[in-house]
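Take a look at the structure set out below.
The values are calculated or read from the model by the stated rules, or taken from the named source; none is laboratory data. Since we're looking at a predicted model, the values are computed, not measured. All Cβ positions, even for glycine, are placed from backbone atoms using ideal geometry, and neighbour counts span all protein chains on display.
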Amino acid sequence: MDWMEWPNFLSASAWMSILSLTFLEIVLGIDNLLFISLTTMRVPAKSQRFASIVGLSMAMLLRIALLFAVGWLMVLDTPLLSWQSPYIEWTLTGKSLILLGGGLFLLYQSVKEIHIKIEGRESIDHSANDQTLSVPRAILDIVLLNAVFSIDSILTAVGMTTGMKGAMFIMVFAVVISMILMMAFITPINQIIQKHPTLQMLGLAFLLLIGFMLVLEGAHASHLEVFGKVAGPIPKGYLYFAIFFSLGVEILNMRIRKRTSSRLASDTDCTPGQGA
């Protein structure tokens with residue numbers, strides 16, 4: 001089979017495919033990075049980098065395994081259970097179950113974390129044992145959610161490389177490169193999020209939105225039809241636009257707050273001298 005052969009790395013088309021797929025993996029991995037950052041924040045500080053690196057490494061191996069098992073991913077669209085009534089129709093598949101489960105998990109986690117932050121420090125101190133996440137649990141959460149996020153990106157990558165010589169190894173190289181880049185940037189992202197509490201709340205809001213999107217994708221994958229209206233797919237471009245737009249507004253707000261605090265500090269330093 002051509003797609004299992006070794007690609008010709010001397011050809012420009014092979015490198016263009018690798019770069020395109022790497023960019024695709026990074027863009028589609030933004031929500032994954034966000035989840036990893038917010039998850040590892042609950043791990044003891046000395047173990048946060050270890051948890052993120054090990055979690056990403058295991059997620060990379062899982063994604064490569066899913067690439068070689070792409071035929072199994074196709075089977076996930078096989079109907080498992082169907083329901084028909086005058087008002088609701090749906091067909092449950094393995095893919096829809098995974099998407100629904102991942103979406104509900106993200107909704108639960110994000111709502112729980114938002115509730116903790118709204119309750120304040122006293123509530124966190126009162127139940128500190130519940131808020132500290134063990135390293136194995138954090139790694140497990142990272143791997144499981146990465147598996148959910150991987151389904152669409154893998155199927156998209158397969159569609160982009162169909163008919164290419166060495167397509168399998170091109171996809172594997174793209175996954176490895178993208179994961180290495182994520183490992184390089186995960187620590188700075190963690191530091192920025194921990195330094196700015198408002199970014200933590202914004203990130204949790206993004207996870208809430210992503211969880212809702214996964215639930216809708218699960219409904220679409222199950223061919224849900226309510227009162228004659230079919231649950232259609234929501235383009236991911238809307239999601240990424242909302243994330244980058246909100247992030248840009250928050251960065252502007254952070255600059256304004258920093259400038260305002262600097263002015264207040266300067267005015268406070270000048271006040272005693274003027275009163276003297």
| query | Any idea which residue in region 197-219 is surrounded by the fewest Cβ atoms within 10 Å (Cβ to Cβ), counting only those that are of a type in the set (Val, Ile, Thr) and closer than 15 Å to residue 151 by Cα? | reply | 215
| Just checking, how many residues over region 83-99 are of a type in the set (Gly, Ala, Ser) and either within 21 Å of residue 140 (Cβ to Cβ) or modelled with pLDDT under 80 (or both)? | 2
| Condition check for residue 187: in a helix (DSSP H, G or I), of a type in the set (Val, Ile, Thr) and exposed (fewer than 12 other Cβ atoms within 10 Å of the Cβ) | no
| said: Just to be sure before I move on: is residue 231 hydrophobic (A, V, I, L, M, F, W, C), at pLDDT below 80 and either surrounded by 16 or more Cβ atoms within 10 Å (Cβ to Cβ) or touching a Gly at 6+ places or on another chain (Cβ under 7 Å) (or both) in the structure I sent? | reply: yes
| query | Do we find a residue being aromatic (Phe, Trp, Tyr), more than 17 Å from residue 33 (Cα to Cα) and modelled with pLDDT under 80 anywhere in region 203-221? | reply | no
| query | Looking at (1) surrounded by fewer than 11 Cβ atoms within 10 Å (Cβ to Cβ); (2) modelled with pLDDT of 80 or more; (3) over 24 Å from residue 24 (Cβ atoms), can you tell me which one residue 224 breaks? | reply | (1)
| Residues being crowded, with 16+ Cβ neighbours inside 10 Å and either among the hydrophobic types (A, V, I, L, M, F, W, C) or over 27 Å from the mean Cα position of the chain (by Cα) (or both) - total across region 84-98 | 5
| Test: residue 61 is free of Cβ contacts under 8 Å to residues at least 60 places away in the same chain, farther than 23 Å from residue 204 by Cβ and assigned to a helix (DSSP H, G or I) | yes
| message | Quick check on my filter: what residues within region 64-81 are at pLDDT below 80 and not in a loop (DSSP other than H, G, I, E, B)? | response | 66, 67, 68, 70, 71, 72, 73, 74, 75, 79, 80, 81
| task | Determine, yes or no, whether residue 186 is more than 25 Å from residue 94 (Cβ to Cβ) and touching a residue at least 12 places away in the same chain (Cβ under 8 Å). | result | yes
| query | Any idea which of 239, 247 is crowded, with 16+ Cβ neighbours inside 10 Å, assigned to a helix (DSSP H, G or I) and either within 14 Å of the chain's Cα centre (by Cα) or not β-branched (Val, Ile, Thr) (or both)? | reply | 239
